Each structure stands twice: as C-alpha cells, then as structure tokens.
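The values are calculated or read from the model by the stated rules, or taken from the named source; none is laboratory data. Predicted, not measured: the structure shown is a model, and the values here were computed from it. Reconstructed Cβ throughout: ideal geometry from the backbone, glycine too, with neighbour counts over all protein chains shown.
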C-alpha cells in the first residue's frame, strides 16, 4: 500500500509538473503574440506618420489695395471771413477738377487741415478711404443721393446796403439793380454761404474732436460775415440779425446743428468688413488643400449689398514666396458652409436671405505639382456697402499741403485681404514596393519570434 502510494505520489508530481510547464508555455505564447501585434502596430503607425510626402504652411499675411483717383486742386475766387469783435476766421471755398469719361468736371471738396497750405492747380491723388464715420455722416448731410444740395432749402435775406468803405465798384446800389441782377447776386451769395457752412462745420467738428474749443468757437459763435471776391475785388459785409430769414442767422444756426449731429455717435455707424481665418490649412477627403474663413461685419450688416471674393496665386523657389505669377484658373474655388460651390466668388445679400458669413477656399491637389516650391494663395474680400463714402487725397508730389475729403455717392466698397502658403518638399517617403518589403520584413521577424517562443518550452520539457 505504501508503494502504491509512493507511485501515485510520483505520478501526481509528474502530472503537476506537466501542467505547470503547459501553463508557462501558454503564458509565454500569449505574451509573444501580443508583443508581435504591438511591433506590427507601431510599424504601420510609423508608416502613416512618415507618409509618402509632407506639406508645411506659413501664417497668413494682410494686404491692402486702394483704387487710383486724381484731380487738380481748385480755390474759388470767393473767400469768407467770420468775425466776432476782433476775433476772425478765414474760410476759403474749394473745388476739384476731375477727368471723367465725358471730359473734365468739378466737384466740391472739403479740406480737413485748417492750418495747412493750399496751392491752386496742384495735382492730388487718392491715398486711403476716409475712416472717420462721423465725418462721413457730416458729409452725408450736405447732399442727397442724386447729388443735389440738401442745405439750399430756403432763401437767405441779404442786406446789401452794409458795405465797407472803399468798396469796388464805387457807388454800388443794390436797390437800383434790375430784378435779373438782384436775382443773380442773391443766388451767388446763397452758393457762397452754403459752401462756407459746409467747410466751417467740418473744421469746427475736427477742432472739437481734438479738444480745441477756442478755434471751434470762431466757427460757431460769429456775428458778422464778410465775403471777398478776388476776381473783382468786391466785398460785402453781412451782420447777424435775430431773424429766421437772415443769412448770417441761418448760417450760424446750421453750422451748430451740423456739428452737434456729427458729435453724436448714435447718428451713424461705420461699416468695416473684416476677413478672419477660422480653420488652418488642411487636406479634405479628396486630398485637396483648404482654409476656412469668416466674414465679420459690424452690427449694421443689413447695409451690405453683397461680397466678391477674388483668388490670386503666386509660386516661387529658393525660400522666396510668390516670385512667379501663378494662374489658379479652375484649380481653386470657394464653397459655403454646406459645401456648395460659390459661383464666381459672388455672394449676394439682397435676395431676402441672410448672407453667407463662412466660406472655405479649396485648392486642387493637382495644382500643387512641383516639389520644394512655395505656393501662395491670396484671398481678397470686397464688400459693396449701401452708404456714404469719402476718400482722402494728398498732393501727388508728396508736398505737405492741405489734405482733402471728397463726397462720392451712396455706395462704397470695403475690402480686406489675407493669404496662405503651401510649401512642398522633396519626396522622402517610401515607394509602394519599399512599403511592401518593409511590412513583409516586420511580419517575418514576428513569425521568427513566435517560432522561437514556441520552441523554447519544448526544450525545457525534454
């Protein structure tokens, strides 16, 4: 019984040893398989991470474009002097001579630097669009949309009997003039008063804006108006009379009304369209390159009539961006939030529906064909705004002369530009054959590892 017991004990130990060996073998087998899969996973991940080719990109840059417009500076023969006791202020009357399709024409212009010099006949050119919304609003009070004057709404009463001694021609007697001559004088002085009211209001507003109340008071608190005609040396003095029909009374009242309105920001709003990048350069499912943008407008966006998005391209090498013109043609297009192509880059806002505020610029992968090349894409947003606009002008030769603002009409454009770059590099990725060989090598090494892990416990068992 004892022998049998000993034999059974030995058999039991042998059986336990065999089971333990089997468990160790299974454990090693599972570990080797897991390690093999981990190696394969990292190998494939490395291939994806390295890729066949790589593209880097640079940050967008801003740009600005100003349309060209020129005119010759003109100074009217008439100038106006405002006075209150010994305090005086000279207000010249200006105009510009423009070259149009049907020949030259004149248009009122207004100076925005009271102390600066002026030279008649000097050539002026557009510099930037006027950004002072209050000044634009002030200009809008001068004219109707069709260009007719808003201030000449009634007759002024002029007292032509109050002339200074030495007046030329001597012996002027207004009452002895014919009805036609009286009308001519009255109409001329209505135009003079209307012009100096506008220029005085602009200067008084700008003085107030700069905190120069003393100079502003000369244009707001006068009690006498003297006109000088340089061509005939005629001079008339008109006194303030507290009468609604008196020319000086009406002029003073109107200048104060205009300046008060311009200083109230509730009367106007500036429309300054801005283009903001929302999504950096990436590739879509088709492999094309794309960048997302958003159009930003102020609260009065209802005055926007529409947008035109213009795309332009350049390309270059040797770390120089955009040295060669690059015709994008049909290789670049614009899509809206829903992926629909925006035809010709035109977004209409007057169709009863809200404007598209987000869009994406797409560049075809077939366009990016050259290696080690900088491709740049310019994105220009031009908004058509229903509202008044003005343009600042400076002397073409750069002289430090009076700057000018002109009135342009009921529509203007606001533009903003961005750009992005696609930089290609030499193709350092693996070919398809190399990729297959590499994966095969990884699989082979994993197989050897599995065989080795399977064979080692068998040796221990023997």
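Things to note:
- Residues satisfying the stated conditions in segment 261-285, i.e. surrounded by 14 or more Cβ atoms within 10 Å (Cβ to Cβ), modelled with pLDDT of 90 or more and over 19 Å from the mean Cα position of the chain (by Cα): 261, 262, 263, 281
- Test: residue in segment 414-432 that is at pLDDT below 65 and surrounded by 16 or more Cβ atoms within 10 Å (Cβ to Cβ): no
- Scan of segment 136-173 for residues that are touching a strand residue (DSSP E or B) at 6+ places or on another chain (Cβ under 9 Å) and at pLDDT below 60, ordered by number: 163, 164, 166, 167, 168, 169
- Wholly enclosed strands (runs of 3 or more DSSP E) of segment 368-412 bearing at least 3 residues at pLDDT 85 or above: 374-386
- Taking the criterion of being under 34 Å from the mean Cα position of the chain (by Cα) and crowded, with 20+ Cβ neighbours inside 10 Å, the residues of segment 192-215 that qualify are 195, 197, 198, 199, 200, 201, 202, 203, 204, 205, 206, 207.
- Some residue of segment 443-460 being surrounded by 12 or more Cβ atoms within 10 Å (Cβ to Cβ), at pLDDT below 65 and closer than 30 Å to residue 275 by Cβ: no
- Qualifying residue in segment 218-239 (condition: within 22 Å of residue 151 (Cα to Cα) and free of Cβ contacts under 8 Å to residues at least 12 places away in the same chain): no
- As a summary of the residue check, residue 265 satisfies the conditions (1) touching a residue at least 24 places away in the same chain (Cβ under 8 Å); (2) under 30 Å from residue 186 (Cβ atoms) except for the one numbered (2).
- Test: residue in segment 174-183 that is modelled with pLDDT under 85, touching a strand residue (DSSP E or B) at 6+ places or on another chain (Cβ under 9 Å) and either crowded, with 17+ Cβ neighbours inside 10 Å or more than 28 Å from residue 116 (Cβ to Cβ) (or both): no
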